[in-house]
1. For segment 120-236, would you read off the P(r) tail past 21 Å as a percentage of all alpha carbon pairs?
2. Given springs between every Cα pair under 10 Å in a Gaussian network model of the chain, which of 119, 243, 189 has the largest fluctuation?
3. Rolling a 1.4 angstrom probe over the protein chains, ignoring ligands and nucleic acids, what is the accessible area of residue 224 in square angstrom, nearest 10?
4. Going from most exposed to least, what order do 234, 316 have by accessible area with a 1.4 Å probe?
5. Summarise the long-distance tail of P(r) for the chain by giving the % of C-alpha pairs beyond 23 Å.
6. Return the calculated 222 nm mean residue ellipticity for the chain, to the nearest 500 deg cm²/dmol, obtained by summing -39500 (n - 2.57) across DSSP H runs with n ≥ 4 and dividing by the residue count.
7. State, in angstrom, two size descriptors of segment 166-207 derived from its alpha carbons: Rg to one decimal place and Dmax to the nearest whole number.
8. So how do 198, 54 rank on accessible area, 1.4 Å probe, biggest first, that is with the largest at the start?
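The values are calculated or read from the model by the stated rules, or taken from the named source; none is laboratory data. All figures in this text were calculated on a predicted structure; none of them were measured in a lab. All Cβ positions, glycine included, derive from the backbone under ideal geometry; neighbour counts span all protein chains shown. To get the accessible areas, we keep the full protein, side chains included, count just its heavy atoms, and leave off ligands, DNA and RNA. Shrake-Rupley method; radii C 1.70, N 1.55, O 1.52, S 1.80 Å.
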Amino acid sequence: MAAVMATARGFRGLLMRRLTAPFSPSPRPLGTSAQEGQPSAAPGEAPDHSYESLRVTATQKHILHVQLNRPDKMNAMNKAFWREMVECFNKIARDTECRAVVISGAGKIFSAGLDVMDFASDAWQPDGDDVARISWHFHDLIRRYQEAFNVIEKCPKPVIAAIHGGCIGGGVDLVTACDIRYCAQDAFFQVKEVNVGLAADVGTLQRLPKVIGNQSLVNELAFTARKMMADEALSSGLVSRVFPDKETMLDAAFALAAEISSKSPVAVQGTKINLVYSRDHSVAEALNYMASWNMSMLQTQDIPKSVQAMMEKKDLKSVTFSKL
């Protein structure tokens, strides 16, 4: 028994020394993925994901690709879209195989935003003429539309937006709910709602100031509906990288998703949840939440697996982490 206890103490001491020691991994390009050296599987339709406005494919192990899939309508957001986004990302949140998501638009642009004609056919014809009841109708409608993008933020799997061409109105609402944003050189962003007589109401006004940290610029974009081009989006912090074209951008987005998916899902998903919580709470509140979170998560087997790989100078892609 004494020998067992001594061995355990020795391993614990070694583990702590390795965790607290400076770690300098050998340089590796960001594009080197967890699937490097292995043939990429042909994209296949993801099981349990069948939609009218979206297409979901399993491009690589642990990675799902969600495409806005109304290219003939410039990926305008119709009634089916608002319903299917909630269904899609709730399923992804529960998918124990998925560790990262890339979301993009099929066709020439990312999204033209709200499908105004489709919206008008339903929203502007509530039953009755009582102001209070009509107001409740609109309140319920807006909250349901807001949830279509809240589910991206609530999903514990990191979501990477890959944007090309126009990202207009609701498209901006969508990408500001994502965790990472890449764009092609031809991308532009437009908070266009004031041009159609309304204030953006499904996330842009709440999230964009926190994303770019420049209230003056947010006000300018929201009051004027002017276009923000790719270079300005990069310099303002709306996107983290700009690529020459859509194909190169998607390759980089999937490489990043593969890099993320090679890490411990306990660590990655816990990191996302705490980053989102910290954004909306004080430092003291967020630290307390973090302590409560890690009091259980520090007991995961993913830590010794990751540390052993580090000690043996192995890439994390060689480690098998359990589903989460």
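1. Values: 2882 of 6786 pairs.
For segment 120-236, the fraction of Cα-Cα distances above 21 Å is 42 percent.
2. 119
3. Here the residue's solvent-accessible area equals roughly 80 Å².
4. Details: 234 75, 316 40 Å².
In descending accessible area the options line up as 234, 316.
5. Numbers: 32867 of 52326 pairs.
Across the chain, Cα pairs with separations above 23 Å total 63 percent.
6. Working: 12 runs with 156 residues, N = 324.
After summing the helix terms and dividing by the residues of the chain, the value is -15500 deg cm²/dmol.
7. Considering segment 166-207 through its Cα atoms, Rg and Dmax are 10.5, 30 Å.
8. Numbers: 198 70, 54 5 Å².
Reading off the accessible areas and sorting them downward yields 198, 54.
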